[in-house]
1. As an exercise, identify the GluC sites (Glu not before Pro) in segment 35-109 lying in DSSP coil whose Cβ has no more than 14 other Cβ atoms within 10 Å.
2. Quick check: residue separation of Ile86 and Gln66 times 0.36 nm, minus the Cα distance between them. What number comes out in nm?
Amino acid sequence: MLYVFIALGVTLLIAGIVDRTCFGDGFGWFLFGAATLVVVLIICAAVHFTTVGDINTFKATKQTIQQQREIAMTEYERVTLTSEIISCNAWLANKQYWNKRPLGIAIPDEVDELTPIE
């Protein structure tokens, strides 16, 4: 879908340039194409930087969980820890899946280097 929007934006930019040179009024097409490309770039940047923050959170959570395992825990703490592990591993699996897809250009490859929490 991302590639469709990029192709649409480029096509509209070209259509605006051609229409302007041939017919004199292609500014609307040009403006719409440029706006489409800008929106796609903003979305890609937002996904990238959000994922970088989430990677740092995952690493910190993994380290904290490993430290907490060395401490005696109550049953409630163990269940809470297990729930957090499941949540973090689900996030990681989701990001690794989408990083391998064509839409994964906005997701940093550092996601593939992470390992699930055991």
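Derivation of every value follows stated rules applied to the coordinates shown; laboratory data play no part. What you see is a predicted model, and the numbers here were worked out from it, not measured in a lab. Note that each Cβ is placed from the backbone with ideal geometry, even for glycine, and that neighbours are counted across all protein chains shown.
1. Glu70
2. Value of the extension gain: 5.8 nm.
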